[in-house]
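What follows is one structure encoded as structure tokens, with my remarks underneath.
The values are calculated or read from the model by the stated rules, or taken from the named source; none is laboratory data. A quick note: this is a predicted structure, and the numbers were derived from the prediction, not measured. Note that each Cβ is placed from the backbone with ideal geometry, even for glycine, and that neighbours are counted across all protein chains shown. Each accessible area value is taken on the protein alone, full model and side chains, heavy atoms only, with ligands, DNA and RNA left out. Shrake-Rupley method; radii C 1.70, N 1.55, O 1.52, S 1.80 Å.
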Amino acid sequence: MKLQQLRYIWEVSHHGLNVSATAQSLYTSQPGISKQIRLLEDELGVEIFSRSGKHLTRITPAGEAILKTAGEIMRKVENIKQVAQEFSNDRRGSLDIATTHTQARYVLPGIIKNFVTNYPEVSLHMHQGTPMQISEMAADGTADFAIATEALELFSDLIMMPAYRWNRCILVPQGHALCQLSELTLEDVAKHSIVTYVFGFTGRSKLDDAFLEKGLSPKIVFTATDADVIKTYVRLGLGVGIVADMAILEDDDSDLVALDASKLFKPSIAKIGFRKGIFLRGFMYEFIQKFASHLTRDVVDKAASTSSRAEVEELFSHIELPVY
């Protein structure tokens, strides 16, 4: 069994079982990959992939188990490389961040600009997706860090650390009826069509829970993953928007009115997570602390050394999180 063979099956499984695409990404030949996979299967005595003619069609049950271990080996190999790079040049490397549009658009620009200025030889890559996709990217090693509000807790092999609390606002055009109320209630909001995030995005669960607790059935007429898209449809008169406070820019959104909704919905917590066992380089610690100042190297190391999610929660239970 060769390390190269394990890399091939791992990469093929992450390229939709497309051997040609895998070969292209690894700068090698398709027949060479196919041959090595067959040699590995012959050695192990099981099929890792089912086939239809020359095409791979699915991962077998045995393949699923083998790929899980292969993934762990690939991550350990990557850790070895990271250790070597840290000692050879602690200011050069790469950093992959998986996050949502809201974080990428409204929270991270200043942090990333500062980071890139301080670490010009670190290649930084941002991957955007749904919270579930973001968590998966961190769990399988595609990304070093996952930054999101939802779904991170679904992956037991991620260390999740709270970064900050955030609230929502009700977004309406100027002169809207909701602007005339002295005190805004959920009942008032529920009388109007609503434009907000897709379920599973940017604290949407807290929004749904709030209406449910009041016995209200809001008329959600349009959902999107992007706050800028939501604002566009509020401007078109499709409904009132419910978005994260952080998504409102004073200059760009001066034609809209943001009504405080912090008393209507419970605050949500944005988190930054990484997979257990990852080797954190010096610049990675610095990025985490720039994102959330209370996440010092010592605190991050303590979180990484915990053995359960309950221990992580206990570690942060006495920390007053900042409000974004």
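Yes/no matrix, rows are residues, columns are (1) open to solvent by 60 Å² or more (accessible area, probe 1.4 Å); (2) of a type in the set (Ser, Thr, Tyr); (3) touching a residue at least 12 places away in the same chain (Cβ under 8 Å):
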position	(1), (2), (3)
277	yes, no, yes
282	no, no, yes
289	yes, no, no
303	no, no, yes
307	yes, yes, no
310	yes, no, no
316	no, no, yes
Exclusive hit being of a type in the set (Lys, Arg), assigned to a helix (DSSP H, G or I) and free of Cβ contacts under 8 Å to residues at least 60 places away in the same chain, set 113, 76: 113
Among what's in region 191-228 and is at pLDDT below 95, of a type in the set (A, V, I, L, M) and open to solvent by less than 60 Å² (accessible area, probe 1.4 Å), pick the residue that is nearest to residue 168 (Cα to Cα). 207
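I want to confirm something. Restricting to region 1-32 and keeping residues that are more than 28 Å from the chain's Cα centre (by Cα) and in contact (Cβ under 8 Å) with a residue 40 or more places away in the chain, which single residue is farthest from residue 75 (Cα to Cα)? Spell out the reasoning first.
If we filter region 1-32 for residues that are more than 28 Å from the chain's Cα centre (by Cα), which is where we start, we get 1-5, 20, 27-32.
Imposing the further condition that a residue be in contact (Cβ under 8 Å) with a residue 40 or more places away in the chain reduces the set to 1, 3.
On the way: 1: 17, 3: 12 Å.
Filtering region 1-32 for residues that are more than 28 Å from the chain's Cα centre (by Cα) and in contact (Cβ under 8 Å) with a residue 40 or more places away in the chain, the one farthest from residue 75 (Cα to Cα) comes out as 1.
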Conditions (1) at pLDDT below 90; (2) over 26 Å from residue 321 (Cα atoms); (3) small (Gly, Ala, Ser): number failed by residue 177: (1)
Would you confirm whether any residue within region 128-143 is among the β-branched types (Val, Ile, Thr), at pLDDT 90 or above and either more than 21 Å from residue 300 (Cβ to Cβ) or in contact with a helix residue (DSSP H, G or I) (Cβ under 6 Å, 6 or more places away or on another chain) (or both)? no
Select from region 291-321 the residues that are in contact with a Phe, Trp or Tyr (Cβ under 7 Å, 6 or more places away or on another chain) and within 15 Å of residue 146 (Cα to Cα) and list them in ascending order. 292, 300
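Could you run through region 77-108 and say how many residues are among the aliphatic types (A, V, I, L, M) and under 30 Å from residue 323 (Cβ atoms)?
Here the count works out to 6.
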Every residue in region 92-110 that is under 16 Å from residue 271 (Cβ atoms) and in a strand (DSSP E or B), please. 97, 98, 99
